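J.: Got a structure here, written out as structure tokens. Questions coming.
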Amino acid sequence: MQGIVTFLEGEARKSIEEHWARMVHDLAIPYEFPGAVPHLTFIAGDAVELVTGTAAIKKLASALQPFEVSTHGLGVFGGPTPTPYLGVTRTPELSRFHETVLAAIAGLVRVPDYHYEPRHWVPHITIARGNIPPERLGEALAWWSEHHLAWPFRVSNLAIAWNTADGVHSHARFDLGRPRS
């Protein structure tokens, strides 16, 4: 899947990566998983039209200003591969930003995932996916829940990216509020 994301930076990214390292140390559970770079996804689908999508995201990023949001705790998406995540508080500003991104790239994402439609979107930062053995999921969730998981972070960039086997590949990334060149 390919999508439009914001990569976490600074202290929020550092905090998540430190928690992943501690999880390896404390539980011997690797943190490598598809998507294992701290990010918030606005839309995902089978593919993003890269040439037109890159131009649209570059233009959009230059017109938008960074803003702050925060995580608020632990959640889990169910299904065949339970997916723990940090919930991101859905503020009116974040909802407007999400809808602006969707409008800017309308028609440029092939087979968009309905989970990212405004009425279904659950803003989140995935913290594990397929890397925790099912029989150890409860132990891992208990471990995560023992930690402070409410962190502020800035939505400060937009990128076209896709998951790799153990992380994320960024095709193009643009800081918000930067003039186009």
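The values are calculated or read from the model by the stated rules, or taken from the named source; none is laboratory data. Just so we're clear, the structure is a prediction, and the values are computed from it rather than from any experiment. Note that we place each Cβ from the backbone using ideal geometry, even for glycine, and neighbour counts take in every protein chain shown. Accessible surface areas use protein heavy atoms only, side chains included; no ligands, DNA or RNA. Shrake-Rupley method; radii C 1.70, N 1.55, O 1.52, S 1.80 Å.
J.: Divide by every residue of the chain the summed helix terms, -39500 (n - 2.57) for each DSSP H run of at least 4, and state the resulting mean residue ellipticity at 222 nm, rounded to the nearest 500 deg cm²/dmol. Write out the running numbers ahead of the final one.
T.: Working: 4 runs with 54 residues, N = 181.
After summing the helix terms and dividing by the residues of the chain, the value is -9500 deg cm²/dmol.
J.: Cα centroid distance between the stretch 27-90 and the stretch 130-148, in Å?
T.: So the two Cα centres are separated by 20 Å.
J.: Equivalent-ellipsoid semi-axes (√(5λ), Cα gyration tensor) for the chain, whole Å, largest first?
T.: Working: eigenvalues 155, 59, 44 Å².
Ellipsoid half-lengths, sorted descending, are 28, 17, 15 Å.
J.: Work out the length of the dipole vector of the chain about its Cα centre, built from +1 on the beta-carbon of each Lys and Arg and -1 on the beta-carbon of each Asp and Glu, and round it to the nearest 20 debye. Let's see the in-between values first.
T.: On the way: 15 positive and 18 negative charges, 130 e Å.
For this selection, approximately 620 debye.
J.: Follow-up. Treating the angle as unsigned and between 0 and 90°, give the value, to the nearest 10°, between the Cα long axis of helix 10-27 and the longest Cα principal axis of the chain.
T.: The helix 10-27 is inclined about 30 degrees to the chain.
J.: Now for a separate question. Show me, for the stretch 164-172, the HN-Hα J-couplings you get by feeding each phi into the Karplus relation (A = 6.51, B = -1.76, C = 1.60, θ = phi - 60°), rounded to Hz, glycine and proline as x.
T.: 10, 4, 9, x, 9, 9, 9, 6, 8
J.: Let me ask something else about it. Starting from the Cα-Cα distance between L50 and R22, subtract it from 0.36 nm times their residue separation and give me the gain in nm to one decimal.
T.: Working: separation 28, 0.36 × 28 = 10.08 nm, distance 3.65 nm.
Using 0.36 nm per residue and subtracting the Cα-Cα distance, I get 6.4 nm.
J.: Report the full-extension gain for the segment E139 to T89: residue separation times 0.36 nm, less the Cα-Cα distance, to one decimal in nm. Provide the component values of the computation, followed by the final result.
T.: Numbers: separation 50, 0.36 × 50 = 18.00 nm, distance 2.53 nm.
Here the segment from E139 to T89 would lengthen by 15.5 nm.
J.: If one takes the longest principal axis of the Cα atoms in the chain, at what angle in degrees, from 0 to 90 and to the nearest 10, does the Cα axis of helix 50-63 lie?
T.: Relative to the chain, helix 50-63 is tipped by roughly 90 degrees.
J.: Now for a different question. Ignoring ligands and nucleic acids, what accessible area does E93 show with a 1.4 Å probe (Å², nearest 10)?
T.: Solvent-accessible area, nearest 10 Å²: 90 Å².
J.: With label points built 7 Å along Cα→Cβ from the Cα atoms of E68 and H169, find their separation and express it in nm.
T.: 3.6 nm
J.: Something else about it: Provide the per residue accessible area, probe 1.4 Å, for the stretch 102-160, rounded to a whole number of square angstrom. Kindly include the intermediate steps, with their values, before the conclusion.
T.: On the way: 3040 Å² over 59 residues.
Heavy-atom accessible area per residue stands at 52 Å².
J.: For helix 92-104, what angle does its Cα long axis make with the longest principal axis of the chain, in degrees from 0 to 90 and rounded to 10?
T.: 60 degrees
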